[in-house]
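> Sharing a structure here in structure tokens format.
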Amino acid sequence: MTERDPLRMADCGLGNDPYLRPYEKNIRARIRRAGSTADHLTEGGKISLGDFASGHEFFGLHFREGRWVLREWAPNAKAIFLVGEMTQWREAGAYELERINPEGVWEVRLPAGFLAHGMHYRLRMHWEGGEGDRIPAYARRVVQDPNSLIFNAQVWSPTDPHEWKHPDFVPGPGPIFVYEAHVGMAQEETKIGTYREFAEHVLPRIVDAGYNALQLMGIQEHPYYASFGYHVSSFFAASSRFGSPEDLKMLIDRAHSSGLSVIMDLVHSHAVANEVEGLSRFDGTLYQYFHEGARGIHEAWGSRCFDYGKPQVLHFLLSNCRFWLDEYHFDGFRFDGITSMLYHHHGLGKAFTSYDDYFDDSIDEEALTYLFLANELIHGVRPEAVTVAEDISGMPGLAAPGEAGGMGFDYRLAMGVPDFWIRILKEIRDEDWPLGEMWHELTNRRVDEKSIGYAESHDQALVGDKTLMLRLMGPALYDQMHVDSESMAVDRGMAIHKLIRLITLATAGNGYLNFMGNEFGHPDWIDFPREGNGWSYEYARRQWHLLDKPDLKYAYLARFDHDMIALARNGDLFESGPPSLILEHSDHKVLAFRRGAFLFVYNFHPTRSHNDYPILVGPGEYQMILDSDAPEYGGHGRLRRDQRHFTAFGKAGETIRHTLRLYLPTRTALVLKPVDNGIDTEGPEPYTHQRK
């Protein structure tokens, strides 16, 4: 790779935003920095970035050419021993590592019989003035003793390794509809679920629901279960809580057989502060992988912050990206906690109100360079792989191409949308919902960056917060969901739940995401086992039986979710360009817009239905294809199934206008589609009618 020449701003996707013009120098500098760093790592292009990111094939424990080889990077170490079951956990000369270069790489080579599959081991690290046991940084298998709760690395060399049945799987074209899930809490029983149970019982549900991508949380090994997997200790080890590496490979293989791509939550924004089973003070120093001093500590999370300026750290993290692609056939990553990486202040207590906030001294330019290189690597190794950025700051360019000054992500999460829905439900009465603000929040995104919309996040399902359904229904969610129950709280909750999810999907940029169970209004929050709840798994599970029982209303919501996903996928909703506003009337609480072939009409009014409500459209015949008030969705059935409507026309001055007149029941959404009868149905240019 040769050094990148600064691009003309006119060639940059970011050039579409005139507010970026004053920062052209900063953007060019970022491009140059990423290029020069890549040149340094690849020795001026002598090797590829993919070749550089192959540390997992060199470091760690491997069986090669009839013997075991273990290597680690520990520049501050004075001596290292491999200890474990094979040495009775004592230091032995035959298991001592040798320092093989000045950079601090250590190695030991052992005959085949010195280690065996299943053995537990650690590194006994000695440094000036101290010593300690450490889990190898590149360990691929880490297990916890159920009695002592101690973690150890484990030799993993099964005689029957997983044979991939779909090694050449390529995700289908088009937008992604993501089902976000946590393997451990996906099961019905009060325990930790397994990869195999997930493949057997949950995968079919996801496929039947119509999603085409599975996003898995908590895959990288983490000591504390309740961290949701976001305090990682062993970056190259799949969490053994859920089963073996072969079990995870089976799960991914089976997902591929069903047409599901599998995206992994990748945590490179920080690391757990644990020292024995983590990277903190790995070789006796606090700054081997992390920044020295206060900058290396994330005060809010109690974790360690990577030093992205070190080539060795870039080697570790980039190799980690490639490892999960190569070894487990993941189809991409959701990069967690991007905001924390991008800014020295980690985004804590910061209101991003000016473009200056994205280019001032608070930016961690080394972290930006890492994200640029990570995307270049991932797409270089797997061009079809997907990368998603989780950023709350609104940093421009995250999902713009690298050569355009961006960081190269395929998508960014539209994180402001769930926050908007929380605020609306907490602070504003139903009859006062501001439709203009709603439209702005749902459609306010960068035109040159793809985004994934979602109505609620997994954080809202945790104890201390509330899902949309729990906010909407309150206690009625627990005892009034029988199909024969009459409850105003349940009626309101189900109606608004459907409205929120449909309008979030219909206005989303280029993809849609749902967290496990939210599609059917799962009633309980997530509370992982902890001392405060008696180490109970009662709420660390999903109650699928509620969905399966025909005498409960949860199935209505799941059916609606299925049908709206099918409408979006089959109707190429996201490929048809952005939505165009037709009507927004805050007093009537009516909102109408067009997207592609579909006309979406919403009546958010809590008490007032509208008869013969005029909607200006193109001439022709329209058929209702989705009705949130239909009985099969738990509605009141106030509209006729598949009803067809013809436009009427009249003159307004010299202009002929065509109008649909619709019955809009309270808290109901309709989706209509022109009937193919040869009549032009493009409709008028977008405009606002009776906006108040």
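> Here is a list: SER240, SER303. Which entry is surrounded by fewer than 23 Cβ atoms within 10 Å (Cβ to Cβ), at pLDDT 95 or above, of a type outside the set (A, V, I, L, M, F, W, C) and under 24 Å from the mean Cα position of the chain (by Cα)?
After applying the criteria, what remains is SER240.
> Filter the stretch 549-559 for residues that are more than 13 Å from PRO523 (Cβ to Cβ) and over 25 Å from the mean Cα position of the chain (by Cα); which is least open to solvent (accessible area, probe 1.4 Å)?
Among them, the one singled out is ALA555.
> Output the number of the condition that GLU72 fails; it satisfies all remaining conditions of (1) under 27 Å from GLY104 (Cα atoms); (2) out of contact with any Leu (no Cβ under 8 Å at 6 or more places or on another chain); (3) open to solvent by less than 50 Å² (accessible area, probe 1.4 Å); (4) among the charged types (D, E, K, R).
Unmet for GLU72, out of (1) under 27 Å from GLY104 (Cα atoms); (2) out of contact with any Leu (no Cβ under 8 Å at 6 or more places or on another chain); (3) open to solvent by less than 50 Å² (accessible area, probe 1.4 Å); (4) among the charged types (D, E, K, R): (2).
> Just to be sure I understand the filter: pairs with C-beta atoms under 6 Å, separated by 6 or more residues or on different chains, first member in the stretch 463-482 and open to solvent by less than 60 Å² (accessible area, probe 1.4 Å) and modelled with pLDDT under 95, second member among the polar types (S, T, N, Q) and in a loop (DSSP other than H, G, I, E, B). Which pairs pass?
ALA476/SER487
> Inspect all residues belonging to the stretch 90-98 and state whether any of them is in contact (Cβ under 8 Å) with a residue 24 or more places away in the chain and in contact with a helix residue (DSSP H, G or I) (Cβ under 6 Å, 6 or more places away or on another chain).
No, every residue in the stretch 90-98 fails to be in contact (Cβ under 8 Å) with a residue 24 or more places away in the chain and in contact with a helix residue (DSSP H, G or I) (Cβ under 6 Å, 6 or more places away or on another chain).
> Please find, among ASP265, ASP253, the residue that is among the acidic types (Asp, Glu) and in a strand (DSSP E or B).
ASP265
> Oh, and also: Could you tell me which numbered condition VAL490 fails, if it satisfies all but one of (1) in contact (Cβ under 8 Å) with a residue 12 or more places away in the chain; (2) closer than 30 Å to TYR224 by Cβ?
(2) is the only condition that VAL490 fails.
> Can I ask one more? Report yes if some residue within the stretch 532-548 is crowded, with 24+ Cβ neighbours inside 10 Å, of a type in the set (Phe, Trp, Tyr), out of contact with any Lys or Arg (no Cβ under 8 Å at 6 or more places or on another chain) and touching a residue at least 60 places away in the same chain (Cβ under 8 Å); otherwise report no.
Checked the stretch 532-548: no residue is crowded, with 24+ Cβ neighbours inside 10 Å, of a type in the set (Phe, Trp, Tyr), out of contact with any Lys or Arg (no Cβ under 8 Å at 6 or more places or on another chain) and touching a residue at least 60 places away in the same chain (Cβ under 8 Å).
> So if I check each of ASP419, ASP364, which one is surrounded by fewer than 17 Cβ atoms within 10 Å (Cβ to Cβ) and out of contact with any strand residue (DSSP E or B) (no Cβ under 6 Å at 6 or more places or on another chain)?
Sole residue among the options that is surrounded by fewer than 17 Cβ atoms within 10 Å (Cβ to Cβ) and out of contact with any strand residue (DSSP E or B) (no Cβ under 6 Å at 6 or more places or on another chain): ASP419.
> Just to be sure before I move on: is ARG382 among the basic types (Lys, Arg), touching a strand residue (DSSP E or B) at 6+ places or on another chain (Cβ under 9 Å), under 26 Å from ALA139 (Cα atoms) and open to solvent by 30 Å² or more (accessible area, probe 1.4 Å) in the structure I sent?
Judged against the criteria, ARG382 is a match.
> If you take the residues of the stretch 443-462 that are over 19 Å from the mean Cα position of the chain (by Cα) and open to solvent by 50 Å² or more (accessible area, probe 1.4 Å), which of them is farthest from MET185 (Cα to Cα)?
VAL447
> Could you tell me which numbered condition ASN611 fails, if it satisfies all but one of (1) over 26 Å from PRO434 (Cβ atoms); (2) open to solvent by 40 Å² or more (accessible area, probe 1.4 Å)?
The number of the failed condition is (1).
> I've got another one for you. State whether the residues of the stretch 199-210 include one that is closer than 25 Å to TYR411 by Cα, touching a Ser or Thr at 6+ places or on another chain (Cβ under 9 Å) and either of a type in the set (D, E, K, R) or open to solvent by 10 Å² or more (accessible area, probe 1.4 Å) (or both).
The answer is yes, given that some residue of the stretch 199-210 is closer than 25 Å to TYR411 by Cα, touching a Ser or Thr at 6+ places or on another chain (Cβ under 9 Å) and either of a type in the set (D, E, K, R) or open to solvent by 10 Å² or more (accessible area, probe 1.4 Å) (or both).
> Need the failing condition index for HIS231 against (1) touching a residue at least 60 places away in the same chain (Cβ under 8 Å); (2) under 19 Å from GLU538 (Cβ atoms); (3) open to solvent by 10 Å² or more (accessible area, probe 1.4 Å), just the number.
(2)
> Another question, then. Going by the structure shown, is LEU591 open to solvent by 20 Å² or more (accessible area, probe 1.4 Å), of a type in the set (A, V, I, L, M, F, W, C) and more than 23 Å from the chain's Cα centre (by Cα)?
no
> State which residue is surrounded by the fewest Cβ atoms within 10 Å (Cβ to Cβ) when the search covers only the stretch 23-56 and only residues that are without any contact (Cβ under 8 Å) to a residue 40 or more places away in the chain and under 28 Å from the mean Cα position of the chain (by Cα).
Applying the filter and picking the extreme gives ASP51.
The values are calculated or read from the model by the stated rules, or taken from the named source; none is laboratory data. All of these numbers come straight from a predicted model, not from anything done at the bench. Here Cβ is always computed from backbone atoms with ideal geometry, including for glycine, and neighbour counts include all displayed protein chains. Accessible surface areas use protein heavy atoms only, side chains included; no ligands, DNA or RNA. Shrake-Rupley method; radii C 1.70, N 1.55, O 1.52, S 1.80 Å.
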